[in-house]
Amino acid sequence: MILLDCYPTFYDFFATHFNIHIEIFKLFHSFGFFVAIAFMTGIFLLRHELRRREKLGLLPSKKVKVIYGTHFKISDLMFPAIAGFVIGWKSIGILTNNPMVGDDPGGYFMSLQEGSVICGIIGAIIFCVIEYRNIKKSELPAPEERIEERYPSDETGAILFIAAIAGVFGSNLFNTLEHPETFSELFTNPSSLLSGLNIFGGLICAGISLAVYAFVKKIKQGHFFDSLGSLYLIAYAIGRLGCQTAGDGCWGVPNPHEKPSFVPQILWSSTYKDNIIHECDPYQGQYFEHMDTTNGNSFKNCNFEQSHQLMVPVYPTPLYEFLFAGALGITLWGLRKKLTAMPGVLISLMFVMNGMERYLIEQIRVNEKLKYLGLYLTQGEFIAILMLIFGSLSCLLLYLYYNHKSRQALLTNESTEQTK
């Protein structure tokens, strides 16, 4: 099966299965591909759900002033010039097949070396010319000010952009807290911002940022976050496929059990052949030290250059999360209409489901255990427990609130009828 091996880039996939060797394919990483698919899926589902609630009158519009036909200003060229220069500056590496582009594209594009100033200037000029022509085409003799209605669904792109930026920041923040030794690397190697991500850190920081955004934009928080609840788990599941295909280290502990005949190999264990982090002994020999590989090398003395895979098959936890989180996300998506009248319940259920899913997965993953409130837990287990507690309490309180509200409405109706 395809997923038994890892394909860090499109180049690896096409070279392995179709014998096609196109250097530019090294720029396209499988992890980034699935993240992009998850992002686009999130945009589509969020816009769909926001519009449904808008039609029900639950998320009202607001009137904003929009100015059309503004005249050209030199400051309009600032961002196109910067973007054009950066793209042109780094394009020389792609054109000359710089080895760093294939080996570490993140490091290449974020470094201050290996660029062409001349290509950067040409890129800036091209971008500025395009922007200038677009502005001149839309100019009017006198700019017009119009009042337009804007709905939350019109801001879907901005909402997910904020979530993405805050999520990357939070992921790295929590990963650094879990692995303090990586803190200095953020300054010496900027491309490390793209690695070592912690999904719970991203969720927490993205949630705080979106809560602030909804408050500033005066969007009803309950319906807003309910719209995000189910699609988060669906997008999260798709992103985990990226972890599986790239082999980024999110795998589980070694699986010592014999595989039943009716279970596919990919669902039982994997050695993550050609994983992106070039790992063959992720646990420093602490598991199954007696086991030997087929070539006779001991587990402790593995050599990735020879084996190109883990020396002991491990649980494919990213694939488990894809299936588990995907099923939970689809379940929430199916419940969203029934829970529309109770804003806040769906997002609370998401916390319960996500916490449960991650806590179970952590039992077959190896992460460093730290002391939390007197208990030794992984960071994932600790946050999963908090999510379970928070989600359960929220569901209970919201249930009591809506039950009390419906009883009050019933008593009011009975009192009105008796008065008549």
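The values are calculated or read from the model by the stated rules, or taken from the named source; none is laboratory data. These numbers come from a predicted model, not from an experiment. Glycine gets a Cβ as well: all are built from the backbone with ideal geometry, and neighbour counts include every protein chain shown.
Of all residue pairs spaced 6 or more apart or on separate chains, those with beta-carbon atoms under 7 Å, a first member in the stretch 18-47 that is closer than 18 Å to Gly167 by Cβ and a second member that is assigned to a loop (DSSP other than H, G, I, E, B) and among the acidic types (Asp, Glu) are Phe31/Asp248. Assessment of the stretch 217-227 against the conditions (closer than 26 Å to Gly32 by Cα and in contact (Cβ under 8 Å) with a residue 24 or more places away in the chain) yields at least one matching residue. Taking every residue in the stretch 134-145 that is more than 9 Å from His71 (Cβ to Cβ) and pairing it with any residue that is of a type in the set (S, T, N, Q), at least 6 positions away or on another chain, the pairs with Cβ-Cβ distances below 9 Å are Ser138/Thr70.
Among the criteria (1) of a type in the set (Gly, Ala, Ser); (2) over 28 Å from Ser138 (Cβ atoms); (3) at pLDDT below 90, the one Gly84 does not fulfil is (2).
Yes/no per residue for (1) surrounded by 16 or more Cβ atoms within 10 Å (Cβ to Cβ); (2) modelled with pLDDT of 90 or more; (3) of a type outside the set (Lys, Arg):
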site	(1), (2), (3)
Met311	yes, no, yes
Leu323	no, yes, yes
Ile330	no, yes, yes
Leu346	yes, yes, yes
Phe351	yes, yes, yes
Tyr399	no, no, yes
Glu414	no, no, yes
Lys420	no, no, no
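Within the stretch 1-17, restricting attention to residues that are in a helix (DSSP H, G or I) and in contact (Cβ under 8 Å) with a residue 12 or more places away in the chain, which residue is farthest from Gln221 (Cα to Cα)? Among those residues, the one meeting the criterion is His17.
Can you pull out the residues in the stretch 322-378 that are under 15 Å from Ser392 (Cβ atoms), aliphatic (A, V, I, L, M) and over 18 Å from the mean Cα position of the chain (by Cα)? Across the stretch 322-378, the qualifying residues are Val345, Leu346, Leu349, Val352, Met356.
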